[in-house]
1. Please count how many residues of the stretch 97-129 are part of a loop (DSSP other than H, G, I, E, B) and touching a Ser or Thr at 6+ places or on another chain (Cβ under 8 Å).
2. GLY238 passes all but one of (1) open to solvent by 30 Å² or more (accessible area, probe 1.4 Å); (2) at pLDDT below 85; which number fails?
3. Report whether or not LEU221 is more than 23 Å from SER263 (Cβ to Cβ) and either part of a loop (DSSP other than H, G, I, E, B) or out of contact with any strand residue (DSSP E or B) (no Cβ under 8 Å at 6 or more places or on another chain) (or both).
4. Exactly one condition in (1) open to solvent by 20 Å² or more (accessible area, probe 1.4 Å); (2) over 21 Å from GLU333 (Cα atoms) is not met by GLY411; state its number.
5. Return the residue satisfying two criteria in turn: it lies in the stretch 83-110 and is of a type outside the set (A, V, I, L, M, F, W, C) and at pLDDT below 75, and of such residues it is surrounded by the most Cβ atoms within 10 Å (Cβ to Cβ).
6. Can you name the number of the only condition in (1) at pLDDT 85 or above; (2) within 20 Å of ILE334 (Cα to Cα) that GLN250 fails?
7. Among the residues of the stretch 27-42, are any farther than 25 Å from PRO142 by Cβ and either crowded, with 19+ Cβ neighbours inside 10 Å or modelled with pLDDT of 85 or more (or both)?
Amino acid sequence: MKIRTGLVVGTVLTLGLLTACGGDGDPQDTDATGRAKPKASPSATKGTSPAYEGDELPGLSAEPAWSLKGAGLKGCADDPAKAAATEVVNFDAQTCVLGDAVVLTEDLSEHSEGEATDSRFRARLYDPATGEVRRTVDVTVPAEWQGDRDLSLDQFMQVSEWKDGSPALLVVSGDVVEGDGLKKASITTTYTMYAPSGKELGSSTLSGEDGSRLTVEAGHLLTKEEYKKDTYTPIGGGTPIEVRDRGLEQAPLGAGFGYRVVSTWSVIDGSGSRLSVSDRLTGKELWNLRDVDRPAALADVEDSGDLEARLLPLTDDKGILAWEQPGDDVDEEILTVVDLGTGRLIAEGPEQDLDELSRGWGSTVLSPDGGTVVTQFGGGAVAWNTETGAELWRQEADEHTITPLGLTAGGVLYASVDTMGITALELKTKKVLASDLVEYQGVPLTGDAEPLQFTTDGYAVLTGADLFVFAPEEKQ
């Protein structure tokens, strides 16, 4: 089971030298455009990195595994999927983690006023345990490249996913093909994807302006858009495929292209609106609300057309099916865990309070073993078991609101708590272990950023004026 870890949005930060001994990246001599590129630079010697002077972080190592200090560099990779999932216009989401890697990007361009210059971008993937540079990717876009893509770092290096739904780094580069005789000069755009290990997964080069601003999903380029379906071409080569659109305001569900969720209406039998889940590749309906077991509290509802629910992501193969309860005055949903492919009920969970003005995706974090989830959909947070549905705890009306950020392997919940800043709580009991944990050291974070993120193997990345990476502590 691959867990979809809810990553907290990153920040623009200043980075420099790191403690651990580094290594070369994937031993290739050229970048995606064919230009010669440097190998991953070795890390600095121990002693040059910043010392951590903040509070001890419960559930994590007392000292950082490694750290980077300010040296005028940029920060983290752009995350379009995270930005889209916030339902906030112009939200500039950045992510400092890519699966089990730490990802950092920088704009090395030296622009002169009134003079066209080349654009240079760099991405580095670091091992979270050692700080070793797994891979460095450098891109140079000639000043003559006139593609339909803004010459900014966030357009050329982005967090994405590969064909199987695993995290991948998308690197875009541009080049110019000189004219020959009557033939005009032209441009090419290359799309390359890298695994968190630094391995190149695939690369495709397209000619002409039309191919310069394509979006990427599940390791494919969106090459043609049509009503209700789109054509995607695999990066690295292969036969184009037709894929049903995901639909407006839908969170990604499942690995790869995953599933499509719609509300249907039957004119014939007047069955009303009901949630229906289909395969995005085949278009075949897999299940709908009439096919699945209801929560016990809704068993006596006679007309299934009166029941509504929404499907939220949990892991690659499981989702949270949140059922609305009948009645105009009801502001709670009943949470269940279902198999995404069949709708089979796996666990019936607790009721979840909703803020009357907020019925979006909210915040959901899953423990590294996949057994415990903390959800918050605008009301108070609730912690519960994904296998049995048993509730661990819920927030009381007189408590500060908990917005969950991440769970450690040692059973510590990190959250943003009203008036208490970044707070660590004991997962089993909700007991506050520490609060106001992050000192910003006088350096402001971007308005969209949160300072704490977790890799899929449990390492914590703390960003501010400097960057610190902490190892997870196992349960005693």
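The values are calculated or read from the model by the stated rules, or taken from the named source; none is laboratory data. Everything numeric in this text was worked out from a predicted model, so none of it was measured. Every residue, glycine among them, receives a Cβ derived from its backbone with ideal geometry; neighbour counts consider all protein chains shown. What goes into the accessible areas is simple: the full protein's heavy atoms, side chains included, and nothing from ligands, DNA or RNA. Shrake-Rupley method; radii C 1.70, N 1.55, O 1.52, S 1.80 Å.
1. 8
2. (2)
3. No: the conditions fail for LEU221.
4. It is condition (1) that GLY411 fails.
5. Restricting to residues being of a type outside the set (A, V, I, L, M, F, W, C) and at pLDDT below 75, the top hit is ASP92.
6. The failed condition is (1).
7. no
The rows are residues; the columns are (1) of a type outside the set (Lys, Arg); (2) in contact with an Asp or Glu (Cβ under 8 Å, 6 or more places away or on another chain); (3) open to solvent by 20 Å² or more (accessible area, probe 1.4 Å); (4) at pLDDT below 95.
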residue: ALA347; (1), (2), (3), (4): yes, yes, no, no
residue: ASP353; (1), (2), (3), (4): yes, yes, yes, yes
residue: GLY370; (1), (2), (3), (4): yes, no, no, yes
residue: THR388; (1), (2), (3), (4): yes, no, yes, no
residue: HIS400; (1), (2), (3), (4): yes, yes, yes, yes
residue: LEU407; (1), (2), (3), (4): yes, no, no, yes
